Structure formats: C-alpha cells, structure tokens
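Student: After the structure tokens below, expect a handful of questions from me.
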Amino acid sequence: MAEDIIRVENLHKSFVSHNKSTEVLQGIDLSVKAGEIYGIIGKSGAGKSTLVRCINYLVKPSSGKVLFEGTDLGELGSRELNQVRHQMAMIFQQFNLLMQRNALKNICYPLEITRVPKEQAKQRAMELLKLVGMETRANAYPAELSGGQKQRIAIARALASNPKVLLCDEATSALDPETTKSILELLRDINHKLGITIVVITHEMAVIEELCSKVAIISDGKIAESGDMAQIFMHPQSEAARQLIFPNRKSIPEMRSRRYCRIVFDGRSSFEPVVANMVLDFGQAVNIMFADTRNLDGMAVGQMVIQLPDNPEVALRMIAYLRDKQISVEEVSDHA
Amino acid sequence: MHDLILLFLENTRDSIYMTVVSTLIAYVIGLPLGILLVVTAADGIRPLRALNKVLGALVNLLRSFPFLILLFVISPFTRLVVGTTLGPNATIVALVVAAAPFIARMVESSLREVDGNVIEAAQSMGSSSLQIIMKVMLPESRSSLILNAAIALTTILGYSAMAGIVGGGGLGDLAIRYGYYRYQYNIMYIAVFLLVLIVEVMQGIGLMLAKKLDKRL
Ligand SMILES: Nc1ncnc2c1ncn2[C@@H]1O[C@H](COP(=O)(O)OP(=O)(O)OP(=O)(O)O)[C@@H](O)[C@H]1O
Ligand SMILES: [Mg+2]
C-alpha cells in the first residue's frame, strides 16, 4: 500500500460562540496518497474550509489527529509546525496576495522567511512566474491584475517553497468559467509535472469532475462517502452524493406517480443506440427527462434520467434489459 | 525688527524640535505597544488575554487625562527626568507621556486594517509571528501608518502649543506671552499663522507619502 501523505483520523472541531458550542466537524477520516488530486466537496457551511485548515493546523482540531507523512501535527511545536507548512502550501478563494508587494516580491515571500539568499530567491521566483505563464507581469502589483492572474501568482507563491502538498480552498470560486478552466488546467499540469499532491476544496461538482481522481463528500460535518471519482459518479451510495451528481432532480415534475431511472454510460457505450433499441424491442416509449455528458478525469461519462412506462412489469424488464447491456441503472423515484 | 524675526525663528524651531523629538520618542514606545495590542487581542496572531487587558486599560487611563492636567500631574516626574518643568525639554517629557498611548491606538487601528486573510496566508506559508509583524502587518499598513503619523505630529504640535501656558517654549508660548499677557495681538496672530502653516505642511507631506507608497490604487 502506498504511503498516505495526509491522514485525518476521527477529527472533531467545535466552535464556541455566544456560549453556544457547535460541532462543525464530527469525526472525519480521510487518507490522501502522494501524487493524488483529492477533491473534498460539500455544500456551503458543510465545514470544508474548517477541515482544510485543520489539515495544516491553521485551525486546531478539538480532537482527533492529522498526520503529515506519518507525523502527528498535534505534537509539533510552532517552529516544527512552520517547517511542515513549508511543505504544505495553500491557495485561497480571495488569493490573499500581499497588496503592497509586486508579483515577483510576493513569490519571494516564502523564500524570504526561509532565508533563501536574495538573488537565488529572485531567480526561483522568475522560474515560477514562467511556470504559471506570468513572466511578463513580474513588476505588476496585485491591484493591477485580474482575478485569474492573481490566482496564478498565488499558485506560484505557494510553489516557491517546493511543497509536497498544495491545499486549495475554493481556488476558482471567485473566477469566471473560462478562467476557472485555465486555472484547473494549470493545477493538473503542476500535479503531472511536479508530482505535487493536491487537495481541492470546492462546492462545485464541475471542478471535481475536471480535476480529481479521488473524492470525499462532506455533509453535516461528516464524510458521507469517499473513494474513486468515477466509482462514486456511477454508483453513488449516499443521498449527499446523489444530490451533488444530479442536482436538478428535484425539478422533475410528478416524480411520485411514475418510475424514473438514472442510467449512466461510461466511455465504452453511448446513449442513443441503447435507448433507441430498447424502445424498438419493447414497442413502448420512454420519456427522457434529463441527459448530459461529462468529462471525468479524462473519461467521457454520460447520464440520463428516463421515465419508464406505467406498466410495472415492462418497467422491470426494461431495467433488466439495461443492466444486461452493462449499464448502471438506479431508480430515483424514491428520492423526489 | 531683526529681533522680532529672530524671535519667530527661534520659537518656530523650538516648536518643531519639541514636536518632532517627542513624536519620535512617543513612537518608540507607542509603536511596539500598538503592535502588542493587535497581536495579543483575542483575534490576533498570539492571543494573550491578560496582557491585552492590562495594556488596553493602561492606554485608556493615560488617554483619559486632558493634556493640561497631565502636564501638572507628571511635573514631579518631569523634574526628575530633565531637572526642570520649564522650556522645550520639559514639555517633551509631557508630550511623550501624552502621545505614546494615543499613538499606540493609532498604530493599532492601522494594523487592524490589514486583511486577516492575508495574515492567514502568511501563516499557511509557515511564517513566525515576528515575520508576520515585520513582513506583513507593518508593510501592508504602511500608508495608513504614515497618514496617522502625520495626524500624530499635528496633534502633538497642538499639545506643544498648549504647553505655552506653563512656559513650555515654542510658538504657543510666544503667542500667549506676547498676545495674551502683553496685548501684542499681531505677534499672536503671526504665531498662530505659523502653527497653521506647519500643520498644513506636515499634513500635506504625510498625505503625499501615503499616496505614493500605496500600491492598492
Ligand atoms: N472561527 C469560527 N467561529 C465560529 N464558527 C465558525 C468559525 N469558522 C467556521 N464556523 C462555522 O462553521 C461552519 C462551517 O464553516 P466552513 O467555513 O468550514 O464551511 P464551508 O464548507 O467552507 O462553507 P463555504 O462553502 O461557504 O465556504 C459554519 O456554520 C460556520 O459558521
Ligand atoms: Mg469555505
């Protein structure tokens, strides 16, 4: 078994405010392997930011452990903790650049605090600017850059200390779709080229789909489900996962009276022939309520929601027919 | 006529001397104090409840004295330090005691303007508390610090003029001695005009520097 670079064990975190304690994280277990791009997704307020800040101990857990390469962060003094943080960089939704430093000097910051000689730091910063495609803006101040450009500088700054892990807290949530895409590409590039493990926190399924091979779904302070991205997409076990994969479900009318099925195609098969043939074979129409195709970590995956005929026997036979064709079928009528 | 010009020059020099020297000394005390107030606050980078409470109370206590009363209250201390309670050097002692807590609060408010998320980012990169103070909090708030320094200078200039009542030296002293006691109103007006001029210049320089150094656009 490959070494876990990050392990979170039975992590709890409560906040006390106005003499009232709320448990935001209620026993989180996670393990991230070196080289992975690991997604953590959940709704707003689910505790994602708190969780990721526990991973680098910006937030101190109430109980439970965080292990980085086997070291329990809870047992480190502040100096050793800072050493760990040099290896575990973080980027943020609001970029959080130093406003009074230009791009180059921002990237030099983590090198300054580890006492890298000035000239050497500057050289490294220039290389990083090139890596993120910003070499022409070395002297620009953050106020002169667009959101996407600021995030590129923030990524370069995060990489300056040669970290093993990059934590991303909603790194693309303040960006438009186009820019989001280019930043996600950059992150994937960094993972491939430099082998840096990336932990991505987001509330957007599209980000996870684009980037992650592993995913954990956090809901109400607990991990509802975690594992391979494709596996969870095709066979979601938890209600939280279903809601994320298939958010429009609620908008389908009259769910209760009829049977609906969600069918998922992976790269090997495709929609039309299968459904068309089924309709022909059975001589019965089905309604297509919803369909889309996504690119999951390089593999095309389609999903479709169909309304089966009223006749329960025909409906059952249709489900069997689809399963026979190696297609994942899941009834969704119960979850209206 | 020559004597008169000399009189104004001397007293202007004394006013500026008192103001600048006491502001500098007051910053030596007030700047670290302001930093401590921010750093040890509940939401600071090194929360220390007890210390924060004590410092806050001390600063508030000193700030609640009207300057003229403070001037009298600390006169034994002043005599101890400079050997007299008259003239510019005596006034400097009182000015420092009055201004240091005021400056601490100004520094505190400047440092509080720094985006907490930026400080968090610095922490995530493994910065020590000292590094955060020296490389993040102070440089990021430099414009606000400079603006506040200009305000501090002008306020202290005002205080120094008040010390004229007890023979503190400088333009305020001049205005009171000649204008109030000897009814030479012209001298008083010129002294006041010079005070206003100095305030304007200090304020202008502060504003210009602050603007020039602020890269937030
Ligand atoms: N310092 C704090 N003190 C008190 N409560 C907090 C604190 N930080 C977070 N919380 C609470 O914990 C809960 C989870 O917050 P968190 O920021 O981790 O959620 P999130 O999943 O990141 O949400 P979002 O998607 O909106 O960023 C929220 O209800 C929030 O109010
Ligand atoms: Mg968040």
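The values are calculated or read from the model by the stated rules, or taken from the named source; none is laboratory data. This one's a predicted model, so the numbers in the text were calculated from it and none came from an experiment. In this analysis, Cβ positions are derived from the backbone assuming ideal geometry, glycine residues included, and neighbour counts consider all displayed protein chains. Heavy atoms of the whole protein, side chains included, go into the accessibility calculation; ligands, DNA and RNA do not. Shrake-Rupley method; radii C 1.70, N 1.55, O 1.52, S 1.80 Å.
Student: With respect to B:Leu130, determine if the residue is of a type in the set (A, V, I, L, M, F, W, C), modelled with pLDDT under 95 and surrounded by fewer than 19 Cβ atoms within 10 Å (Cβ to Cβ).
Tutor: The answer is no for B:Leu130.
Student: For the condition on the phi > 0 side of the Ramachandran plot and basic (Lys, Arg), what is the one hit in A:Arg157, A:Arg115?
Tutor: A:Arg115
Student: While we're looking at this one, here's another question. List the number of the failed condition for A:Gln94; all other conditions in (1) farther than 27 Å from B:Leu145 by Cβ; (2) within 16 Å of ligand 1 (Cβ to nearest atom) hold.
Tutor: (1)
Student: Let me ask something additional. How about the stretch B:42-54: which of its residues are surrounded by fewer than 19 Cβ atoms within 10 Å (Cβ to Cβ) and among the hydrophobic types (A, V, I, L, M, F, W, C)?
Tutor: B:Ala42, B:Leu48, B:Ala50, B:Leu51, B:Val54
Student: Give me a count of the residues in the stretch A:145-156 that are within 14 Å of chain B (Cβ to nearest Cβ) and either open to solvent by less than 10 Å² (accessible area, probe 1.4 Å) or in contact with a Gly (Cβ under 8 Å, 6 or more places away or on another chain) (or both).
Tutor: Of the residues in that region, 5 qualify.
Student: B:Ile146: in a helix (DSSP H, G or I), within 14 Å of chain A (Cβ to nearest Cβ) and over 25 Å from A:Phe95 (Cβ atoms), yes or no?
Tutor: Yes.
Student: For the stretch B:9-66, give me each residue that is within 18 Å of B:Val93 (Cα to Cα), without any contact (Cβ under 8 Å) to a residue 12 or more places away in the chain and part of a loop (DSSP other than H, G, I, E, B).
Tutor: Scanning the stretch B:9-66 gives a single hit, B:Pro66.
Student: Further, regarding this structure: Any residue that is without any contact (Cβ under 8 Å) to a residue 40 or more places away in the chain, out of contact with any Phe, Trp or Tyr (no Cβ under 8 Å at 6 or more places or on another chain), surrounded by 14 or more Cβ atoms within 10 Å (Cβ to Cβ) and at positive phi - is there at least one of those in the stretch A:9-26?
Tutor: no
Student: Could you tell me whether A:Glu80 is within 13 Å of ligand 1 (Cβ to nearest atom) and of a type in the set (Asp, Glu)?
Tutor: no
This table checks each residue for (1) aromatic (Phe, Trp, Tyr); (2) part of a helix (DSSP H, G or I); (3) over 25 Å from A:Glu23 (Cα atoms).
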site: A:Ser173; (1), (2), (3): no, no, yes
site: A:Thr180; (1), (2), (3): no, yes, yes
site: A:Glu185; (1), (2), (3): no, yes, yes
site: A:Arg188; (1), (2), (3): no, yes, yes
site: A:Asn191; (1), (2), (3): no, yes, yes
site: A:Val200; (1), (2), (3): no, no, no
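Student: Suppose we keep only residues that are outside any helix (DSSP H, G or I) and among the polar types (S, T, N, Q) within the stretch B:117-143. Which one would you say is nearest to B:Met106 (Cα to Cα)?
Tutor: Among those residues, the one meeting the criterion is B:Ser141.
Student: Looking for something within 14 Å of another protein chain (Cβ to nearest Cβ), in contact (Cβ under 8 Å) with a residue 24 or more places away in the chain and not charged (D, E, K, R) - is there at least one such residue anywhere in the stretch B:78-99?
Tutor: no
Student: Right, something else. Show the residue pairs meeting these rules: Cβ distance below 6 Å; 6+ apart or different chains; first residue within the stretch A:170-181 and under 19 Å from A:Lys43 (Cα atoms) and within 13 Å of ligand 2 (Cβ to nearest atom); second residue open to solvent by 50 Å² or more (accessible area, probe 1.4 Å) and not β-branched (Val, Ile, Thr).
Tutor: A:Glu170/A:Gln93; A:Ser173/A:Gln93; A:Ala174/A:Gln93
Student: If a residue must be closer than 14 Å to A:Ile198 by Cβ and near ligand 2 (Cβ under 10 Å from one of its atoms), how many such residues does the stretch A:29-49 contain?
Tutor: 0
Student: Hey, another quick one. Just for the stretch A:317-336: of the residues that are small (Gly, Ala, Ser) and touching a Lys or Arg at 6+ places or on another chain (Cβ under 7 Å), which one is modelled with the lowest pLDDT?
Tutor: Step one: filter the stretch A:317-336 for residues small (Gly, Ala, Ser), giving A:320, A:328, A:333, A:336.
Then drop every residue that is not touching a Lys or Arg at 6+ places or on another chain (Cβ under 7 Å), which leaves A:333, A:336.
On the way: A:Ser333: 55, A:Ala336: 40.
The qualifying residue modelled with the lowest pLDDT is A:Ala336.
Student: Give the residue that is nearest to the other protein chains (Cβ to nearest Cβ), with candidates limited to residues of the stretch A:190-216 that are farther than 14 Å from A:Lys33 by Cα, away from ligand 2 (no atom under 15 Å from the Cβ) and in contact with a helix residue (DSSP H, G or I) (Cβ under 6 Å, 6 or more places away or on another chain).
Tutor: Residue satisfying both the conditions and the ranking: A:Leu211.
Quick grid of which residues meet (1) outside the structural domain of A:Phe95 (by TED's automatic domain parsing); (2) open to solvent by less than 20 Å² (accessible area, probe 1.4 Å); (3) modelled with pLDDT under 95:
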{"position": "A:Leu129", "(1), (2), (3)": "no, yes, no"}
{"position": "A:Ala143", "(1), (2), (3)": "no, no, no"}
{"position": "A:Leu159", "(1), (2), (3)": "no, yes, no"}
{"position": "A:Val165", "(1), (2), (3)": "no, yes, no"}
{"position": "A:Ile201", "(1), (2), (3)": "no, yes, no"}
{"position": "A:Asp220", "(1), (2), (3)": "no, no, yes"}
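Student: Now, a different point. Can you pull out the helices (runs of 4 or more DSSP H) entirely within the stretch A:46-118 that have at least 2 residues that are touching a helix residue (DSSP H, G or I) at 6+ places or on another chain (Cβ under 7 Å), closer than 30 Å to A:Asn139 by Cα and open to solvent by less than 10 Å² (accessible area, probe 1.4 Å)? Give the steps one after another, and end with the answer.
Tutor: Values: elements: A:48-55, A:78-86, A:103-112.
The helices (runs of 4 or more DSSP H) meeting that bar are A:103-112.
Student: Still on this model: Is there any pair with a first residue in the stretch A:64-90 that is away from chain B (no Cβ under 14 Å) and closer than 22 Å to A:Lys33 by Cβ and a second that is assigned to a helix (DSSP H, G or I) and open to solvent by 60 Å² or more (accessible area, probe 1.4 Å) whose Cβ atoms are under 9 Å apart and which are 6 or more apart or on different chains, and what are they?
Tutor: Listed by first residue and then by second, the contacts come to A:Thr71/A:Glu80.
Student: Do we have any residue at all in the stretch A:135-154 that's more than 14 Å from B:Ala121 (Cβ to Cβ) and in contact with a strand residue (DSSP E or B) (Cβ under 9 Å, 6 or more places away or on another chain)? It would help to see each step written out before you state the result.
Tutor: Within the stretch A:135-154, the subset more than 14 Å from B:Ala121 (Cβ to Cβ) is A:135-141, A:143-149, A:152.
Filter once more, keeping what is in contact with a strand residue (DSSP E or B) (Cβ under 9 Å, 6 or more places away or on another chain): none.
For the stretch A:135-154, residues more than 14 Å from B:Ala121 (Cβ to Cβ) and in contact with a strand residue (DSSP E or B) (Cβ under 9 Å, 6 or more places away or on another chain): absent.
Student: Another question, then. Every residue in the stretch B:100-129 that is of a type in the set (Gly, Ala, Ser) and at the interface with chain A (Cβ under 7 Å from one of its Cβ atoms), please.
Tutor: Result: B:Ala121, B:Ser124, B:Gly126, B:Ser127, B:Ser128.
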